[in-house]
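Notes follow once the structure below has been shown.
Every read-out reported here was derived from the displayed coordinates using simple, explicitly stated rules and does not represent laboratory data. The structure presented is a predicted model; accordingly, all values stated were derived computationally and were not measured. Neighbour counts are summed over all protein chains in view; Cβ atoms, including those assigned to glycine, are modelled from backbone coordinates with ideal geometry.
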Amino acid sequence: MKLFSALGSIKLTTAISGLVLGSIVVTIIAYSVSNYMGLHQQALHQAQLQQRTDLKTAATILEKRLASSVVTWAEDNSVGAFQTYSIPRFYDNGTIDSITRVTGNEAVVFAIDPATGQFLAKTSSFAGEGDKRAVEFAVDPQSPAHAALSQSLPYEGEVVLLGKTYWGEFFPVLKLDNTLLGAFWVGADIEAAQGAARASIPGMLVIGGVLLTVMGAIALIVARQMTRPVPRLAATMEAIAEGNFDTEVQYVDRRNEIGAMARAVEVFRENGLRVSQMTEAEAARIIAEQESRQQMMTDLQRSFGHVVDAAIAGDFSQRVEAEFPDDELNALARSVNGLVETVDRGVGETGVVLSALANTDLTHRMEGDYQGAFARLKSDVNAVADRLTDVVGELRETSGTLKTATGEILSGANDLSERTTKQAATIEETSAAMEQLASTVLQNAQRAQEASAAAGDVTNSAEVGGQVMAQATEA
């Protein structure tokens with residue numbers, strides 16, 4: 001009750017301006033939040049797609065670097081399984097650095113500890129003490145990632161490593177007999193994945209501020225234009241009540257509810273003027289009629305007060321239901337009902353359009369037939385909706401262009417990754433061939449030395465045989 005009493009003391013002009021401005025603020029906030037959430041989800045989706053590509057790159061590099069490793073590819077070209085003989089001791093960071101250079105993200109190779117069942121890092125791209133890399137840190141045993149890896153299942157999502165939250169993907173490493181050996185992980189700082197959405201906040205704040213300023217100014221101007229006659233008529237009625245019948249009643253020529261109220265006040269002024277000019281007998285008769293009319297006015301004020309208080313509280317559904325013996329009062333009641341109904345329809349349609357805009361539905365418009373200030377409000381609201389439709393269309397076109405560019409960049413990165421992998425394999429095959437050729441040359445040299453030694457033995461034997469023959473000849 002105290003709240004309604006306080007609202008009843010607020011000026012009608014202030015109440016209407018506050019309601020319209022509040023609706024605009026709520027609409028802009030709702031639209032901004034909805035837009036931010038959409039950008040946030042889009043950023044996470046792009047991060048997921050990039051992580052899957054990085055996982056395939058890491059699997060390809062590890063297959064080439066780890067002896068007896070085999071990657072099985074699924075039908076959708078994703079990594080189906082990664083098998084190897086064992087996870088070796090990494091004496092340098094060449095393998096993990098190859099992954100980070102191609103993907104641009106962090107990477108870790110884990111091996112399972114048979115004693116504790118924990119996944120311990122054996123090589124990583126994280127900096128440790130001095131010039132060393134961080135190793136021997138474990139995946140949190142209570143995390144969903146640990147639970148999935150323990151069942152030889154991949155895991156994609158948030159994970160805390162070395163006290164920092166990352167978004168990435170784990171993939172289990174199995175023996176050739178499918179015994180779990182460990183896992184490898186590729187991921188990025190989750191703040192980077194959300195950076196695109198956060199970068200849009202200043203722009204949305206600027207747009208929201210501009211919309212709030214423009215629409216707030218429109219709302220204040222329209223509200224003042226709509227309600228300016230009300231306090232003037234109230235002042236005129238006070239002057240007439242004090243006996244100042246020479247007071248001019250304004251707005252009687254208007255063809256709306258304000259004009260009807262002004263004409264009713266003019267009737268009161270003329271009646272008061274006639275009463276002041278009549279004889280005592282006529283005055284007594286008029287006074288009796290005035291008392292009757294005063295009672296009617298009391299009833300009218302009570303009915304009007306209920307409707308006006310409800311309107312100040314934001315409820316425009318109330319109407320003056322009382323019937324009066326005087327046709328002028330009934331006409332005044334109908335005028336007030338028409339005024340409240342017009343405000344109710346105007347504010348209601350405005351709320352429907354603004355609510356649709358808050359839900360990113362830009363198809364709604366104000367369709368009612370209005371005059372004066374409400375006609376301008378209808379034109380301004382529909383113009384704002386049309387402009388937002390154009391802006392959203394431009395944003396969608398820009399988003400599509402960015403999406404196409406991102407797809408082309410991703411395709412180029414995938415092509416570069418495949419070429420790098422093929423070149424690495426070719427270099428390794430050439431290295432193996434050179435090692436085999438060097439071994440063959442060494443064996444041929446050893447055999448030549450052995451042949452030279454044998455030739456020396458034959459020469460010595462021939463010399464001895466010659467000496468024996470010479471001695472035999474002399475004998």
message: Using Cβ contacts closer than 10 Å as the measure, can you line up M434, M366 from fewest to most?
response: M434, M366
query: Which distance in nm do the two modelled labels at A234 and R345 give, with both placed 7 Å along the Cα-to-Cβ direction?
result: 2.7 nm
field: Sites E418 and N93, calculated FRET efficiency, Cβ-Cβ separation with R0 25 Å, nearest 0.05
entry: 0.60
- prompt: Which FRET efficiency, nearest 0.05, do L176 and E75 yield, Cβ-Cβ r, R0 25 Å?
  reply: 0.70
- prompt: How much length, in nm to one decimal, is gained on full extension between R365 and Q436, taken as 0.36 nm per residue of separation minus their Cα-Cα distance?
  reply: 17.5 nm
statement: When Y155, Y370, Y91, Y85 are arranged by how many other beta-carbons sit within 10 Å of their Cβ, fewest first, they go Y91, Y85, Y370, Y155
message: Sort 95-103, 269-277, 129-137 by packing, meaning the average of other beta carbons within 10 Å per residue, with the highest value first.
response: 95-103, 269-277, 129-137
message: If I stretch the segment between Q449 and A375 completely, what's the gain in nm (0.36 nm per residue apart, minus their alpha carbon distance), one decimal?
response: 15.6 nm
- request: Sort S124, S86 so that the residue with the fewest other Cβ atoms within 10 Å of its own Cβ comes first and the one with the most comes last.
  value: S86, S124
J(HN,Hα) series, the stretch 369-386, from Karplus relation 6.51 cos²θ - 1.76 cosθ + 1.60, nearest Hz, glycine and proline x: 9, 10, 10, x, 4, 5, 5, 5, 4, 4, 5, 5, 4, 5, 5, 5, 4, 5
- line: So, relative contact order of the stretch 297-359 in percent, Cα under 8 Å, 6 or more apart, is 29 percent
query: Could you give the nm distance between label points at Q142 and L49, where each point is 7 Å from its Cα heading toward the beta carbon?
result: 3.7 nm
query: Taking a 28 Å limit on the Cα-Cα distance, which of the listed pairs K132/K164; K56/K403; K56/K122; K378/K403; K56/K164; K132/K422 fall beyond it?
result: K378/K403; K132/K422
message: Could you give each residue of the stretch 78-88 its phi-based ³J(HN,Hα) in whole Hz, using Karplus coefficients 6.51, -1.76, 1.60 with θ = phi - 60°, and x for Gly or Pro?
response: 8, 6, x, 7, 10, 10, 8, 6, 6, 8, x
Around A375: net Lys/Arg minus Asp/Glu count, Cβ-Cβ under 15 Å: +1
